[in-house]
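K.L.:
For reference, the structure I am asking about is given below.
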Amino acid sequence: MSSTTPLASVLFVCVHNAGRSQMAAGFLRHLAGDRVEVRSAGSLPADRVNPAAVRAMEEAGVDISDAEPKILTAEAVQASDYVITMGRGDACPVFPGRKYLDWALEDPAGKGVEAVRPIRDEIRGRVEALVAEIDARRRG
């Protein structure tokens, strides 16, 4: 792995930091490696990551089983270039110079792995597009 400075830092935010934001962070770490600094947090973090999300990600070849929900802090937002909320942009403090995106995604809470797969696949597509945008900004 390279010891160079990451191209960007990304914070994924959802209410419980147990499903969508954890899957997005897992995919970004998997796809971008050390090129991007990855964080995730929630305004009301759950006790653990959604087991159906963990299983769905395992099927996609990404291990998020050791992830732990974290509380959203202003410091985490301020330290990030991209702040991506998942239906809860109002819970996130706003700082100048950050790029804010809101990904309207179905909440996987309480759903089985079969219902989580399409959410996982949509997140993967969005993360792939984000990686392409970050790489393009570096070249541009």
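The values are calculated or read from the model by the stated rules, or taken from the named source; none is laboratory data. Owing to the predicted nature of the structure, the values given are computational and were not obtained by experimental measurement. Note that we place each Cβ from the backbone using ideal geometry, even for glycine, and neighbour counts take in every protein chain shown. Remember, those area values only see protein heavy atoms, side chains included, never the ligands or the DNA or RNA. Shrake-Rupley method; radii C 1.70, N 1.55, O 1.52, S 1.80 Å.
K.L.:
One residue is enough: does the stretch 90-106 have a residue meeting the conditions of a type in the set (Gly, Ala, Ser), touching a strand residue (DSSP E or B) at 6+ places or on another chain (Cβ under 6 Å) and closer than 20 Å to Ala79 by Cβ?
P.N.:
So far as the stretch 90-106 goes, no, none of its residues is of a type in the set (Gly, Ala, Ser), touching a strand residue (DSSP E or B) at 6+ places or on another chain (Cβ under 6 Å) and closer than 20 Å to Ala79 by Cβ.
K.L.:
Which condition breaks for Ser40 when tested against (1) open to solvent by 70 Å² or more (accessible area, probe 1.4 Å); (2) under 21 Å from Ile134 (Cβ atoms); (3) not acidic (Asp, Glu)?
P.N.:
So the condition that Ser40 fails would be (1).
K.L.:
To continue, here is another question. Quick check: anything in the stretch 92-100 of a type in the set (A, V, I, L, M) and touching a residue at least 24 places away in the same chain (Cβ under 8 Å)?
P.N.:
Within the stretch 92-100, not a single residue is of a type in the set (A, V, I, L, M) and touching a residue at least 24 places away in the same chain (Cβ under 8 Å).
K.L.:
Would you point out which residue out of Asp47, Asp107, Asp34 is without any contact (Cβ under 8 Å) to a residue 60 or more places away in the chain, more than 13 Å from the chain's Cα centre (by Cα), open to solvent by 20 Å² or more (accessible area, probe 1.4 Å) and farther than 17 Å from Val131 by Cβ?
P.N.:
The unique qualifying residue is Asp47.
K.L.:
Can you go through Val83, Val54 and tell me which one is open to solvent by 10 Å² or more (accessible area, probe 1.4 Å) and either within 14 Å of the chain's Cα centre (by Cα) or closer than 18 Å to Val10 by Cα (or both)?
P.N.:
The match here is Val54.
K.L.:
Could we say that Arg138 is in a helix (DSSP H, G or I), closer than 20 Å to Leu7 by Cβ and either at pLDDT below 95 or among the β-branched types (Val, Ile, Thr) (or both) here?
P.N.:
Yes; evaluated as a whole, the condition is true for this residue.
K.L.:
Is it the case that Asp102 is open to solvent by 60 Å² or more (accessible area, probe 1.4 Å), of a type outside the set (Val, Ile, Thr) and in contact with a Ser or Thr (Cβ under 8 Å, 6 or more places away or on another chain)?
P.N.:
For Asp102, the condition - open to solvent by 60 Å² or more (accessible area, probe 1.4 Å), of a type outside the set (Val, Ile, Thr) and in contact with a Ser or Thr (Cβ under 8 Å, 6 or more places away or on another chain) - is met.
K.L.:
Answer with yes or no whether Gly61 is within 12 Å of the chain's Cα centre (by Cα) and either over 24 Å from Thr5 (Cα atoms) or without any contact (Cβ under 8 Å) to a residue 60 or more places away in the chain (or both).
P.N.:
no
K.L.:
Looking at the structure I just gave you, is Ala8 of a type in the set (A, V, I, L, M, F, W, C), more than 20 Å from Leu105 (Cβ to Cβ) and either touching a helix residue (DSSP H, G or I) at 6+ places or on another chain (Cβ under 7 Å) or open to solvent by 10 Å² or more (accessible area, probe 1.4 Å) (or both)?
P.N.:
Answer is yes for this residue.
K.L.:
Answer with yes or no whether Tyr82 is among the aromatic types (Phe, Trp, Tyr) and at pLDDT 95 or above.
P.N.:
yes
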